[in-house]
Structure formats: C-alpha cells, structure tokens
Amino acid sequence: MTDQQFPNNNQESAKELGGGTSITSAGKQEPEQKPDDDKSITPAGKQESEQKPDDDKSITPVAYQEQRRKADDKGFSEGKYSSEGKFRNPFVSQETKQKDESKYSSQSSTEEKSKYSNLPTQLLETWKERYKTEIGSLKKQYDDLSEKIEDFSEEKREAHSLTEERRIQKKLDRFRQEREEKRIKLEQLENDLDELDRELSKSESEEKSYGSKRKGANENNSSEESEDVVAQSLFADDDLIQNTVLYVATFFPGLNLQDFKRVVSLLLAGQTKTIPVKESTTTEEGKIQVKETQKEKLLTEIWQESFDRPDKYLKNCYLTVSRQNGNQSIDFTSDELRKNLLAYFEKEQSLYLEEQLRRTQKLDLLLDSSDELAEKAIDVAVKAAIDYPNSYAEDWLIELLVKIAKEDERRVATLLERLSQLIYKLQIQPDYSKSENIAQKFLEHLIDIEYRSLAFAIFSYLIDWNIRSGELGIRSGKQLLTWLKKLLDREDLEEKNEKLQADIYSLLKELLWQSGFYLYIYDFLGILKEWLPDRDISAEQYTRSNITALFLLFTYCEETIDKLSLKWYGEWPSFYPLFAPLRNQDNSETGHRFNEELGTLFSWLFYSDFTGKIAIDSFLDYSNPSQINALDAIGFFIAEWLVILFGFDGGESDQEVLDMVNNLIHHIILNTSRSQQNQLKDFWTSLTGAYLDNATEYNESGNRKLKEQFSARRKILKKFQKQFKASQKETKTAQ
C-alpha cells in the first residue's frame, strides 16, 4: 500500500474532524506574545518560581474542543507537524520558531515495516550470524540451568533436615528465575531472528538472479580452470601493476569498470618502473646508431596504455566482467580464488598488504563520489582498523569528520552516513575488543569538538542501527545515550548554550519518531527511561535530562495522535506507532511484551514526583490560559486511543483490541493514585459532554459525517468509563 498514515498535509483530518486531536496546538493564537519571564525554564531545568494551576485558568472540555477546531483550521503545511503545543521542547523559548526536522512525522506509510526495513543486506547478514551465536549460547545456558534445577530437585527430595531443604529451595528459586530470564531473552532473540529472516528473504530472488548471471559469466570465462590456480602463482615480484590489480579485485570486489581502473591508478600514483628504451642517434658520418638505455616510467602511464591493448591484466589475474541491472562489474571467475587470495595476502604478504592498506587510507575513498566504491572502502577500513589499530586510530576518524565539514553541504549528509557506517561496523565486530577503543575514543571526542551538529547526525545513525539490532545492540545504544545525557547535564553548561540543549532534545525527538516509524519504539523507550528522575527528589532538583525525558513522550503522544489520518482509525493491526509494535508479524499480539510495553508507556506518562504529583506538571506554563494540566492531557490521549482502536463504525472488534483495552485499564490503575483516577473520570465525563455538544453542533450545521464521528467518540468513551469503574471496584476488592 502507498497511502500514508501521517499525510503530508493534515487538511483532510481538519476537514473530517472539526475538533481534531492535537491537545494544545491552538494555545498560541497570538504568536507575537512573549512568554512570562517568571515561568521560563532556567538552564538547570528548573522554574524560577512555582505557580500552581489556578482553577479559574483551567480549561473546560468544551473550550478544549474549540481550541482543537482553531488549531486544525490552521493545518500543517509542507508535511510539518505543529510545534506550538505546550508539550514542546522545554529548552526553546516560546518566541523562538524552531524548525522541526523530523521526516518521520510526515512520511510514515502503511507499507509493512519492521525494525529491519531499509537496511543493507550485508548488515542484516552480520546481525543474523550474531543472533545465531547468541541464541546458541543462551540455549546452552538454559540447558545448564535446567540440569542444575533437576539435580537440586533430586537433592531436595533427599534432604535430611528442614534447614537443608530450605537452603536448597533458595538455590532452586534463584536458578528457576535465571532460567526464566534466559527463556524470555531467548524467545525475543528467536522472534528477532525470524523477523530478520523475513526481511532478508525479500531480496532473495534478486540475489538468485544475480547469482545465476554470475555463474553463467564464470562458465564462459573458464571458471573451472581458475579454481585450480594457486594464489601464490598470480602474485609477481616484478609486476607491481598486476599485484595492485589483484589487491583491488580481492578487497574491492564487484566494482564497476570505471571505479576499478581509477582505484588501481590512484594506488599506483607516484610509482615508477625502469624500462629499456631504444634511442636512435645520427653520427657525424651520417650513420644511424640504435642504443638501448634505461628510463623511469610512471606505472600509471603503463596502466593507462594497457587499455588500448588486449586485457592482459584481467586475463592474467583471472578476472571477468559481468553485468547486473545494466551495470558492469569486475570480479574473479571463481569465488574460491578470491578467498584463497585473501588468505594469501594476510598470511604470506602481510607487509605488502599493510602498505597497500596505508595507501588506501590516504585516498579517503570513503568520501568518494561513487557510493559503491565508498561502501567497499568502509569494509576495507574496518578490516584495517582491526588488524592495524595504530594506523587507523581515532585521530584518522576525526580527520575524516573535519574533511566532511568542509565538503559541499549537499554531500554532507551522505558522507556522515558513510562515516557512521564505518563506526557502527567497528562496534559490531565479533571480536569487539580489537575495535572498541577506536570507536569509543572517537565518539568521546565528538562531545567536545566544534563540529557538534555533525556529531549529532552520527549519534542519530548509530543509535538507530544499534537499537534496531535488538538485544545485541542495547549496550552500545545505552552508551551513546549516556554520553548525550552527560553532555546535557554538564554543570558548566551556561544559559548561552540553550541551542545545544534544544538540539539534543530535537535529536532525541527525531529518534523517537524514527523508532515509531520502524516499530522499535519500545526498545528505544526502554533505554531512554533511565533519563527519568528519581522519585525521591523534588522538581527543583530535576536535571535537564530528567525534564527532557518527561516532555519527550508527552510531545510524541500529542503529535502522533494529531498526525494519524482518520482513515486508519479502527484498523487492527494498528498503524498507530505506539500500538503497531504490539503484534507479531503474523498479526497476533506478543504475549509478555504486550504487557511489558504498555507498562513502559503508562508508567512514563503517569510518572510522579515524591509528592504524588504528575512530574511534568511542575514545568508547564500555567500563565497561559490555554494550558491543560498533564493528567487531563493523558485523559485525552486515552480517549483518542480508544477511538483509534475501535474506529467509528461501531462494528465488532477483534479480540486483540478488547484485550488491549483491558490492559490499558490495568496499567492506568496500576500507575495512578485513587485521587488521580477520580480526576481522570471527571475529565472523561466532561469530555463526553463536549462530544455531545460537538455532535449536536454538526448535526445542526448539516455535517452528518462529523456528527456521527463525535457520537461514536462519546459512545466509546462512555462504555470505557463503565469498564474502568468496574475494574476499580475489582482492584479495591482484591486489595
């Protein structure tokens, strides 16, 4: 499907749903109005004075709906979502018009996606091998624990005293808990592996097609003969050009003709060869004498001249040209020959290989205009960094970053992604200990260097790829976010660095949208929740990272609700990003993760300080009469989520949807006090009244469609209120 769940223009939603769904987008009807200085957030992330919401300033659901109509009438031009809600970047003053760069807010599509979508096949293959290794290790650990449990169970049955029996039981309990943890992790990794296999299978037909073409080309070029060739026999001491051709073909396989010739020329640059030259001279007697002399000639000239004659270098090196999708590429006539040459270079020509890698490093091929060549260069650089860490230390990566900063701005994004791929591939090497220092030291340099905006782009790529790799990337993902947290909370960060604070917030917001787009949002939130404040401290003690975490999810809920097209209401599996991950690829809910992820969502939204007050409330601008308090905002999120789940047609819902709603109620009650639950019920009661007013208004104006939509909203919410009250009673009885 090609329809978008977050359309480039939200006019349709505004037209179909007068009240819309954004909570406070209309809060700024007068953009010129300056914020109250007393309510601005200080660099430490604290309010200079605390002002509690005044009852006179609280907004009724009816006025709330009026706000929504005004906001939606404004629309969201050019695919940008509104940044004028009150759950905004807390480090940007209200008068600052900050452009939101998130492309995911307007480009999410209904096409089936997973966290492995749109990633290079080579990267997925690497992850697959890592998953298999980790799964094998976990299975062994699980079996070992099962064996221990069996042995201790037998020992318990033979215990001679109650004390000994209790001692053994404690061990059994611990082993069973560890085994259950291994089982859950193993189940998740196996699910991830299945999902990854499905993504790889999408390109399988193309790979097979290429393989058959390659096979045909090989057969036409005596591949059987090349398999009998010994790698050592191809490497010639007296032919630097042939050796260079072998090196490029071995370490840059599949290059197109132009790139192949160019790389060989670049590596030969400056080198010469002594060749015999015959010179004719005329004596005084008029006789012609031919004398042979020695002359230095550039290897690049010899290489260039060879193009005008039969391809002796390709023939001598057993190279062939094949065609894929209209493009020519050079490779060995046998895959086995390339493998043999790799081993030969590493074991018997290690000094030559090191020198060639050094020359390659100086060429900065990662910055080349050819994407294909740059991709091969990344793989070569990873190998070199692991085998020769002294030559490929973090200083080299910093130099690359500086060069990227000087490039044409139209190329910067592409080059940053390449550099990020290099760092990431260093991070995911099987023997990470060899490359860990290079990657880690480089990333630590990024925090303090002057090219911080470029550094943030690299962080964005790395966090995305690490978290998408599942359990295996959690460590690196946490490490990256920890560095950002340290940067944000630095004590020497002065008020003049407000832009830095805002940029970090915007980076995290972009990552949150991206994680929702590729269905790994709960993996990201699972790491980011460590930014939430301790419950035993006051709001005045909250750090900038604490405040950032509080605002991020509120903003995301508001904006994703606002952007979801009405056409996707009632669809299950859901296209709404907070609900979309709560299913397997076979469209069934995911058991324990279903409950775990909803727990993450609601414990975050209802996060309270030590007084029991919703933590984010301390940082909302109640001097603005349009500001709605946090608990009412959550109440509206829940009300609209119900409509997203059930839709407007009133038909029978899937059992998974009914289970979802029961889980919603469970986690609302679990994460709120009795007084907060009562406040939510009061808000929902007022909201049903507002929906009735809306339905009546649209009925009188002749807009039957909107009248039916608000009637459906009211019906869904009233039914939910009954379920909620019943669950409250059951919970109270159980207590």
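Derivation of every value follows stated rules applied to the coordinates shown; laboratory data play no part. Just so it is clear, the model here is predicted, and its values are computed rather than measured. FYI the Cβ positions are ideal-geometry reconstructions off the backbone, even for glycines, and counts take in every protein chain you see.
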Inset, instruction - Could you go through the stretch 393-402 in sequence order and give the Karplus-derived ³J(HN,Hα) for each residue, using 6.51 cos²θ - 1.76 cosθ + 1.60 with θ = phi - 60°, rounded to whole Hz, and x for Gly and Pro? - result: 7, 5, 4, 5, 5, 4, 4, 4, 5, 4
Legend entry - Förster radius 30 Å - calculated FRET efficiency between Thr611 and Leu670 (Cβ-Cβ, nearest 0.05): 0.95
Inset, instruction - Determine the gain in length on full extension of the stretch Glu700-Glu150; use 0.36 nm per residue of separation and subtract their C-alpha separation, reporting nm with one decimal. - result: 190.7 nm
Legend entry - For the stretch 506-590: relative contact order, % (alpha-carbon pairs under 8 angstrom, 6 or more apart): 30
Inset, instruction - Obtain the nm distance between the two label points defined at Lys403 and Glu178 by a simple spin-label model: each point lies 7 Å from its Cα along the Cα-to-C-beta direction. - result: 5.0
Legend entry - the stretch 334-432: relative contact order in percent, alpha carbon pairs under 8 Å with at least 6 residues between: 23
Legend entry - Debye, to nearest 20: dipole size of the stretch 121-202, +1 on Lys, Arg Cβ, -1 on Asp, Glu Cβ: 260
Legend entry - Which of Ile135, Gln177, Leu123, positive extreme of dipole for the stretch 121-202 (C-beta unit charges): Gln177
Legend entry - Phi-based couplings in Hz for the stretch 600-617 (Karplus 6.51, -1.76, 1.60; Gly and Pro marked x): 4, 4, 7, 5, 6, 4, 8, 4, 10, 7, 5, 8, x, 7, 4, 4, 5, 4
Legend entry - Charge context of Thr274, other residues only, Cβ under 10 angstrom, K/R +1, D/E -1: +2
Legend entry - Distance between modelled label sites at Ser137 and Asp659, nm, 7 Å Cα→Cβ extension: 3.2
Legend entry - 15 Å cut-off, amide nitrogen to a point 7 angstrom out along Ala343 Cα→Cβ, residues in the stretch 231-261: 231-233
Legend entry - Distance (nanometres) between label positions extended 7 Å along Cα→Cβ at Asp194 and Asp693: 5.0
Legend entry - Gained length - Asp534 relative to Ala726, 0.36 nm times residue gap less alpha-carbon distance: 65.9 nm
Inset, instruction - List nothing, just return the count: lysine pairs in the stretch 121-202, 8 or more apart or interchain, with Cα separation under 21 Å. - result: 26
Inset, instruction - Set the Förster distance to 45 Å, then compute FRET efficiency between Lys715 and Glu596 from the Cβ-Cβ distance, nearest 0.05. - result: 0.90
